[in-house]
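Beneath this line is the structure, given in structure tokens, with notes to follow.
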Amino acid sequence: MSEDMTIEARLQQVYHTIAAARARRTHVPKEAPVELIAVTKNHSVEEMQTAIDKGVMNIGENRVQEALEKAETLEREVKWHLIGHLQTNKVKHAVRQFDLIHSVDSIRLAEEIDKAAAKFGKVQNILVQINLAREASKSGIDYTELDDLLAAIDGLRSVRLQGFMCMAPNYDDVEECRPLFRTMYEIFQQVKAAEPRTADIRYLSMGMTHDYEIAVEEGANLVRVGTAIFGARQYALGV
Ligand SMILES: *Cc1c(COP(=O)(O)O)cnc(C)c1O
């Protein structure tokens, strides 16, 4: 990927890659659609607007504060996704800003979101993040604790569970992600089939720039892509 390509050209490339990956699916329905989330953390509001004007309908941000600041100047309608870890002291703001929170990974966090959403008069759509690879550096619930979390969420009235999110480890050989994505798809299908949740479970959020092709082949229907659209992120010194 060259750095001087435009956002529009890169987006076209990403859409083509997604379409090609869908066509290569073997045990997932090829026609099952995939939505692209453009991950805009550390990128400017101008770049966000360009992407939205070229057809992007979903924006992903890691940090609540950054999203709030950008939302103030962004003059576009878009669906906001919180993809980073959520601290309980930021829940109130997150509920105001985000259409879908991908990173619910504890009963306590689900309960805090429920409380804040009830106060705000909203039903908050959420995904449960599963740390399937059990990486200490990543958030997400351990698979063995999933049933308890799902049971707790069933009892909450102001959150709506819509599916699952996961991040694969940063393997040198990206093919190593495949079994993990395949297992996530199986979990997704199982929970989707189980009453009483059937109706609302619809999203499997997995795949980033280095592994979204494989994620789509294995059944992702929400991919979170930043670098492939906007180029490398610039981080301020000392951050
Ligand atoms: C930053 C981030 C992404 C996008 O990463 P790229 O490699 O730039 O595509 C996706 N998901 C999460 C949770 C992220 O933090």
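The values are calculated or read from the model by the stated rules, or taken from the named source; none is laboratory data. Keep in mind it's a predicted model, so treat the numbers as computed, not measured. Ideal geometry is used to build each Cβ from the backbone, glycine not excepted, and the neighbour counts take in all protein chains shown. Protein only, heavy atoms only, side chains kept; ligands, DNA and RNA dropped before computing areas. Shrake-Rupley method; radii C 1.70, N 1.55, O 1.52, S 1.80 Å.
How much solvent-accessible surface does residue 88 expose, in Å² to the nearest 10, with a 1.4 Å probe and all protein chains in place?
Surface accessible to solvent at residue 88 totals approximately 50 Å².
Quick one, what does Rg over Rh come out to for region 7-230 if you take C-alpha atoms and the Kirkwood Rh?
0.95
Can you give me the long-range amide H partners of residue 39? Hydrogens built in the peptide plane at 1.01 Å from N, cutoff under 5 Å, separation of 5 or more residues or another chain.
60, 225, 226
Identify, among 225, 23, 150, the residue whose Cα sits farthest towards the positive end of the charge dipole of the chain, taking +1 on the Cβ of Lys and Arg and -1 on the Cβ of Asp and Glu, with the dipole about the Cα centre.
Going by the Cα projections, it comes out as 150.
Determine the distance separating the Cα centre of region 88-166 from the Cα centre of region 1-63; give it in Å without decimals.
First find each Cα centre; the distance between them is then 25 Å.
Sorted from largest to smallest, which semi-axis lengths in Å does the alpha carbon gyration tensor of region 7-92 give for its equivalent ellipsoid, taking the root of 5 times each eigenvalue?
On the way: eigenvalues 148, 61, 18 Å².
Working through the eigenvalues yields semi-axes of 27, 18, 9 Å.
Where Lys and Arg each count +1 and Asp and Glu each count -1, what net charge lies around residue 49 among other residues with Cβ under 13 Å from its Cβ? Mind dumping the intermediate values first?
Details: positive: 54, 70, 76; negative: 8, 46, 47, 53, 75, 77.
Surrounding charge for residue 49 is -3.
For residue 16 and residue 170, what is the calculated FRET efficiency with R₀ set at 22 Å and r taken between the beta-carbons, to the nearest 0.05?
So, using R0 = 22 Å, E works out to roughly 0.35.
What number comes out for accessible area per residue over region 115-194 if the probe is 1.4 Å? Units Å², please.
About 51 Å² of surface per residue is accessible.
Would you work out what percent of the accessible area of the chain, with all protein chains in place, is carbon or sulfur (probe 1.4 Å)?
With neighbouring chains kept in place, the figure for the chain is 48 percent.
Nearest 500 deg cm²/dmol is fine: what mean residue ellipticity at 222 nm does the chain get from its DSSP H runs of n ≥ 4 alone, each adding -39,500 (n - 2.57), divided by its residue count?
Working: 9 runs with 92 residues, N = 239.
For the chain, the value works out to -11500 deg cm²/dmol.
Using a 10 angstrom Cβ neighbour count of at most 10 plus a DSSP loop assignment to flag exposed GluC sites (Glu not before Pro), which longest range of the chain is free of such sites?
In short, 78-239.
Would you mind checking which residues have amide H under 5 Å from residue 159's amide H? H placed 1.01 Å from N; only 5 or more apart, or other chain.
For residue 159, whose amide H was placed from the backbone, the distant partners under 5 Å are 124.
Nearest 0.05, what FRET efficiency do residue 87 and residue 9 give at R0 = 30 Å with Cβ-Cβ as r?
Details: r = 37 Å, r/R0 = 1.24.
After rounding, the FRET efficiency stands at 0.20.
Enumerate the whole-percent occupancy of each 10 Å bin, from 0 to the last occupied one, for all C-alpha pair distances of region 114-239.
Calculated P(r), rounded to whole percents: 12, 38, 32, 16, 2.
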